[in-house]
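Asks: Input: one structure, supplied below.
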Amino acid sequence: MSPETEKTGILLRGGRIIDPALGLDEQGDVLVKAGRIAAVGANLEPYGAEVFSARGLIICPGLVDMHVHLRSPGDEHKEDIASGSAAAAAGGFTALACEPNTRPPLDSGMMVKQLVQKVGLEAIVPVCVKGCLTIAGRGEEVVDVGEMKACGATALSNDGEPIEDAGVMKRGLAECRRHTLIPTIHAEAGGGIPLQGDSHCREPALVAREIFLAAKERAPIHFSHISTREAAEAIYDAKKKGLAVTAEATPHHIALCGEDAPVGDANFKMNPPLRSPADREALQKAVVEGVIDCIATDHAPHAPEEKSVGFTAAPFGVIGLETALGVVLTALYHSGLMSLGGVITAMSARPRAILGLPEVRLAEGFPADLTVFDADAQWSVEPERFRSKSRNSPFAGKTLKGRATATMTAGRWVMKDGEILDSISQKSIL
Ligand SMILES: [Zn+2]
């Protein structure tokens, strides 16, 4: 973008402006200049700015996905930084955090630093890099947490393999607390191949253990992709006790249950697996009530030839960046369970706060990281049209209601009407 355009800015005109943190829900305009919000109000003068008609659309603080597998380094045939971050922009996300279970795993400060540099060059939206909590992600030895933080890690994760040894987990939590880095913990089945439903007891048991350890260390902890009623209950109890526990749920666990999966379709194979209708209902309720703080996709791309080898042999994981907003709006907002403001909070302010990112408010002076979406647009999911390199979506062929129209980071459009506008890196404001 030329400095000239930057100088004149963008006026988003006539949208429904929703920022739950400000108690704001009104029709009006947002004026963006030099990467920041210059004014919010009615009938603003463009003063030479590009005018974008937001009539019938919602303008909200930019969505953030705190759980994404970008597959780089090592598996760029499934996804890479450019394709994954373009998928994020297309889905309305203004930032994402990527998981460290790459090949090789991101278990040293140097590796984190390299990826931070690479995403700075190749990503279309800002990317926060998570590091491994243990060496090689094997759950045996805690990494040098201070070094990981110094090299730019935003959080530490045990994605891929659970940490079996309670002593290791306890040390990991203590170290994260010491260096104020949030651990994002996968309390999921390990050791063998869990089939649909097999890990039902394992998740609540691990969540209960980790809450106990975190309480002992007075350490904050975040749980990735909670999928069972019992785990949600354990998190509810922990929050009631005042513990610093947060959690996320995926759009697919909120919208689907095991019964929805066609027999043998590996595009419904993920970890944790789809659960019972009672679990799905409990999860929905937990998200609506804020017991589960936020939505995160666990976007896990796999190439078609890897997913089409039969259910048992296929790898775990489904993509989600380009369907998340539509799935969540369909399952929670259009069903009448949750307000638009509630959905926006769970997909923007909360993941930002958990990751420790700067606040984005629809008010003068804040960074212009915005999502514009049509809450009522009906569309049918066609994975062939995705920006992601992979196609493994359990929502293929489904009709969703609600879709991102435009995505802006640091005052510049990265996606408008489905088109990706900037293939080179944005100046990160993270
Ligand atoms: Zn994951």
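FYI, it's all coordinate maths here, none of it is from the lab. Values in this document were obtained by computation on a predicted structure and should not be read as measured data. Glycine also receives a Cβ, built like all others from the backbone with ideal geometry; neighbour counts cover every protein chain displayed.
Asks: What nm distance separates the two modelled labels at residue 25 and residue 376, each placed 7 Å from Cα along Cα→Cβ?
Replies: Spacing of the two 7 Å Cα→Cβ label points: 1.6 nm.
Asks: So what is the 222 nm mean residue ellipticity for the chain from helices alone, if each DSSP H run of at least 4 adds -39500 (n - 2.57) and you divide by all residues, rounding to the nearest 500 deg cm²/dmol?
Replies: Rounded to the nearest 500, the figure is -8000 deg cm²/dmol.
Asks: Which listed residue (328, 42, 414) has the Cα farthest towards the positive end of the charge dipole for the chain, taking +1 on Lys and Arg C-beta and -1 on Asp and Glu C-beta about the Cα centre?
Replies: 42
Asks: Suppose we take every Cα in segment 50-166 and form the convex hull; what volume per residue is that in Å³?
Replies: 129
Asks: Label points 7 Å out from Cα along the Cβ direction at residue 178 and residue 216: separation in nm?
Replies: It is 1.7 nm.
Asks: Calculate the dipole size of the chain relative to its Cα centre from +1 charges on Lys and Arg beta carbons and -1 charges on Asp and Glu beta carbons; express the result in debye to the nearest 20.
Replies: Charge dipole, the chain, about its Cα centre: 600 debye, nearest 20.
Asks: Quick check on the chain: of the DSSP beta bridges with both residues there, what percent are antiparallel, nearest 5%?
Replies: In the chain, DSSP labels about 55 percent of beta bridges as antiparallel.
Asks: While we're looking at this one, here's another question. If the chain between residue 201 and residue 51 were fully stretched, how many nm would it gain, using 0.36 nm times the residue separation less the Cα-Cα distance?
Replies: Gain on stretching residue 201 to residue 51: 48.6 nm.
Asks: Which whole number in µm²/s is D for the chain by Stokes-Einstein, with the Kirkwood Rh taken over Cα pairs at 10 °C and 1.306 mPa s?
Replies: Once the numbers are plugged in, D ends up at 74 µm²/s.
Asks: Here's a follow-up. Hey, what D do you get for segment 113-194 in µm²/s if you plug the Kirkwood alpha-carbon radius into Stokes-Einstein at 25 °C and 0.890 mPa s? Walk me through the intermediate numbers first.
Replies: Details: Rh = 13.3 Å.
Answer, rounded: 184 µm²/s.
Asks: Next question, about the same structure. Where a Cα-Cα gap under 16 Å defines reach, which lysines qualify for residue 241, not counting those fewer than 8 residues away within the same chain?
Replies: Within the straight-line cut-off, residue 241 pairs with 216.
Asks: Given +1 on the Cβ of Lys and Arg, -1 on the Cβ of Asp and Glu, and no further charges, what dipole in debye does segment 312-430 carry about its Cα centre, rounded to the nearest 20? Don't skip to the end; give the middle numbers.
Replies: Numbers: 13 positive and 11 negative charges, 52 e Å.
The dipole magnitude comes to about 260 debye.
Asks: Okay, moving on. Around residue 408, what is the net charge, scoring Lys/Arg as +1 and Asp/Glu as -1 over all other residues with Cβ under 10 Å from its Cβ?
Replies: That sum, taken over residues with Cβ under 10 Å, equals +1.
Asks: What is the magnitude of the charge dipole of segment 114-243 about its Cα centre, with +1 placed on the Cβ of each Lys and Arg, -1 on the Cβ of each Asp and Glu, and no other charges, expressed in debye to the nearest 20?
Replies: In debye, rounded to 20, segment 114-243 gives about 580.
Asks: A further question follows. Just for the Cα atoms in segment 275-340, what are the lengths along the principal axes, largest first, rounded to whole Å?
Replies: Cα spread of segment 275-340 along its principal axes, largest to smallest: 40, 25, 19 Å.
Asks: A further question follows. Å³ per residue of the Cα convex hull, for segment 194-286?
Replies: Each residue corresponds to 82 Å³ of Cα convex hull volume.
Asks: How far apart, in nanometres, would the label points at residue 34 and residue 417 be if each is projected 7 angstrom from Cα along the Cα-to-Cβ direction?
Replies: 3.1
Asks: Could you estimate the translational diffusion coefficient of segment 283-423 from the Stokes-Einstein equation, with Rh from the Kirkwood formula over C-alpha pairs, at 10 °C and 1.306 mPa s, in whole µm²/s?
Replies: 96
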